Structures are given as structure tokens and as C-alpha cells.
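In what follows, a structure is listed as C-alpha cells, so that the remarks can point back to it.
The values are calculated or read from the model by the stated rules, or taken from the named source; none is laboratory data. Everything numeric here is computed off the predicted structure, so don't read it as measured data. All Cβ positions, even for glycine, are placed from backbone atoms using ideal geometry, and neighbour counts span all protein chains on display.
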Amino acid sequence: MKNNNFSQKIAQFDFKSSLMILVFCLVWASAFAAAKYGLKFWTPFWFLATRFLLTSIFFFIMCVIFGKLAKLSKRQILNLTILGLLNNAGYLGFAWYSLSIEGTPSGLVATIISANPVLVTIAQFILIKSAFSYRKLFGVILGFVGVAYILQSRVSVDGVPLYIIGMLCFALVSFSAATFLFTKLNGKTDFWLSLCVQNMAGAIALYIPALLFENVPTIWFELNFVASMFYLVVVIGLSFILWFNLIKKKGTAEASSLHFIMPPIGLFYGWLIFDEQIPVGDYIGLLPIILGIYLVTRASKKMI
């Protein structure tokens with residue numbers, strides 16, 4: 001009987017989804033390290049706007065190669081533009097700008113943005129009554145506590161202007177709104193074409209403050225900069241397909257809960273690439289994060 005149960009669990013194990021989650025987490029968390037190189041050469045708005053423009057062109061080429069080009073209705077274009085403004089301009093634009101200001105702790109940025117699964121789950125509970133689960137709510141709170149514990153030694157609001165915290169909160173709300181609205185607004189649009197339009201919307205929006213408030217970059221072909229931009233455009237760009245597939249397949253709350261694991265992985269990349277030290281006590285914070293993700297994903301499966 002025990003062997004039978006074990007065999008059933010093995011059969012139920014979704015290897016494809018698990019591999020998708022692993023690759024997504026490892027790749028997405030590496031974006032900060034790649035961006036850190038690029039921001040040494042360019043100001044944040046110019047860097048992000050150009051990254052989104054090149055990403056849009058990249059996905060357009062992929063659409064042509066794989067035959068994914070299709071005529072979009074005005075409503076579809078509007079919906080994808082909204083997602084692009086929320087994801088690229090609202091979330092990344094404000095988060096990166098805040099991080100570029102001297103004196104803004106990266107731990108503060110990571111902690112605030114890591115509240116995304118909490119907001120998404122609360123929005124589900126309020127707007128989709130059938131999605132309510134105390135287990136899931138406890139899981140996202142537990143995950144956030146784990147992230148906060150790991151990053152607490154790196155967070156200090158002393159000397160951080162209130163408007164910076166306000167911008168980070170706006171970035172968080174934009175990210176959460178984009179995550180929650182994705183299934184509704186993306187509709188039946190192909191992922192490749194969807195990302196092409198979203199990135200173009202983000203590029204256009206961010207070129208406005210870049211042209212108004214920042215100087216035109218003078219360095220264009222330095223090797224580290226080109227490598228950083230290529231990684232963010234191609235590798236991180238492709239990871240967005242994994243992200244949207246996870247939202248579609250797993251649901252917004254379950255997919256969002258994966259973001260709890262991003263700060264610890266980001267710290268690992270910081271240790272690996274920049275030789276940044278990780279205190280032993282930080283590993284304690286992994287326990288509530290892992291348990292929190294487990295509770296959220298298990299709760300989701302029970303409600304299907």
C-alpha cells in the first residue's frame with residue numbers, strides 16, 4: 001500500500017512545471033547582477049528604455065521567425081499597453097530609479113517589492129471570493145516574514161527620503177496589478193507578440209523621462225555593457241515567457257509566491273559574482289520562505 005502511494009506521488013509530480021520554476025527563479029534572480037554592470041555605464045531611464053526597445057525588437061524578430069505575427073485589435077493593443085506600462089514603466093522604472101539614487105539600500109528595494117505575493121493574494125481574496133484560503137494567506141505572510149528576516153540587516157530607512165519609499169510602493173503596486181490583471185488583459189494573445197507590445201510600451205514611456213532628465217549616454221560598445229544588455233534583453237526577456245506561463249498554468253498567487261525565493265538567490269549571485277558576504281544567520285530565513293511557498297502551492301492544488 002505504501003509503495004502504491006509513493007508511485008502515485010511520483011506519477012503526480014509535474015517535472016515540466018518544476019523545471020520551469022527552477023529555471024525561472026535562477027534566471028530572474030540573476031537580473032540584478034547583470035543590471036549592476038550596465039548601470040555603471042548608463043543612467044537608469046536610458047538603460048531601461050533601451051533595454052525594452054531592444055527586447056521588443058528581439059521578440060518581433062522571434063514572431064517573424066516562428067510565424068507568431070498576428071493582427072491585434074485596438075482593445076488588445078490597449079490591454080497589452082496597460083500591462084507594459086505597469087510591468088516595465090511602473091514596476092521596473094520606479095524600482096530602478098529608486099535604486100540608482102545614492103543612499104537607497106538594495107535591501108529596502110528587495111523587501112518592499114517582495115510584498116508582491118501578499119498584495120496579489122489579498123486582491124484575489126477580495127475580488128475572487130472562491131480563491132480564499134487561510135492556508136494560502138498564512139503561506140504568503142510566512143514567506144514575506146522570511147524575506148524580511150534575511151534582508152533586515154541590510155535595510156535602513158535612516159536618511160532615505162520619503163519620496164523614495166513612495167516610489168518603491170508605487171513600483172510594488174504596479175507589479176502586483178500587472179500580475180493580477182495579466183490573465184484578464186493578455187487574453188488569447190501569443191506570449192511572443194504580447195511581450196513585443198508590452199516592451200515597446202515600456203520603452204516609449206521611459207524614453208520621455210530619459211530625454212527630459214538624463215544626458216545621452218556616451219559609452220555604447222564597451223564589452224561589459226554590451227554583455228549586460230544582451231543578457232537582459234535575450235535571457236531575461238525569455239524568462240518573461242516562463243513567468244507568464246507560470247501565471248497561466250499555476251495561478252497568480254502560486255506563481256507570485258516564487259518571488260519570495262528571489263532575494264536569497266540574488267544574495268547568492270552577489271556572493272558568487274561580487275564576493276558579497278552572506279551572514280550564516282540569513283539561512284534561517286530560508287525556512288519560512290520554503291514553508292510559505294509550500295503552503296501557497298499546496299493550497300492552490302487543493303482548490304482546483
### Query
With TYR283, TYR269, TYR207, TYR294 as the choices, which residue is over 18 Å from PHE175 (Cβ atoms), out of contact with any Gly (no Cβ under 6 Å at 6 or more places or on another chain) and modelled with pLDDT of 80 or more?
TYR207
### Message
Give me the residue from segment 1-53 that is among the basic types (Lys, Arg) and modelled with pLDDT of 75 or more and, out of that set, surrounded by the fewest Cβ atoms within 10 Å (Cβ to Cβ).
### Response
LYS40
### Message
I'd like to check something: does segment 250-264 contain any residue that is over 13 Å from the mean Cα position of the chain (by Cα), assigned to a loop (DSSP other than H, G, I, E, B), crowded, with 20+ Cβ neighbours inside 10 Å and modelled with pLDDT under 80?
### Response
yes
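Being at pLDDT below 80, among the β-branched types (Val, Ile, Thr) and in contact with a helix residue (DSSP H, G or I) (Cβ under 7 Å, 6 or more places away or on another chain): is that true of ILE278 here?
yes
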### Condition check for TRP220: modelled with pLDDT under 90 and under 20 Å from LYS36 (Cβ atoms)
yes
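Of all residues in segment 57-74, which are over 16 Å from ASN199 (Cα atoms) and without any contact (Cβ under 8 Å) to a residue 60 or more places away in the chain?
Across segment 57-74, the qualifying residues are VAL64, ILE65, GLY67, LYS71, SER73, LYS74.
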### Query
Since LEU69 meets every condition but one in (1) over 23 Å from the mean Cα position of the chain (by Cα); (2) modelled with pLDDT of 90 or more, which condition does it not meet?
(2)
### Message
Can you list residue pairs whose Cβ atoms sit under 8 Å apart, with the first residue in segment 181-194 being within 22 Å of ILE61 (Cβ to Cβ) and the second being buried (at least 16 other Cβ atoms within 10 Å of the Cβ) and among the hydroxyl-bearing types (Ser, Thr, Tyr)? Count only pairs 6 or more apart in sequence or on different chains.
### Response
ASN186/SER194
### Task
Could you list, in sequence order, all residues of segment 205-230 that are under 14 Å from ARG51 (Cα atoms) and touching a residue at least 40 places away in the same chain (Cβ under 8 Å)?
ALA205, LEU206, TYR207, ALA210, PRO217, PHE225, ALA227, SER228, MET229
### Task
Name the residue, out of LEU22, LEU54, that is assigned to a helix (DSSP H, G or I), closer than 30 Å to SER98 by Cβ and without any contact (Cβ under 8 Å) to a residue 12 or more places away in the chain.
LEU22
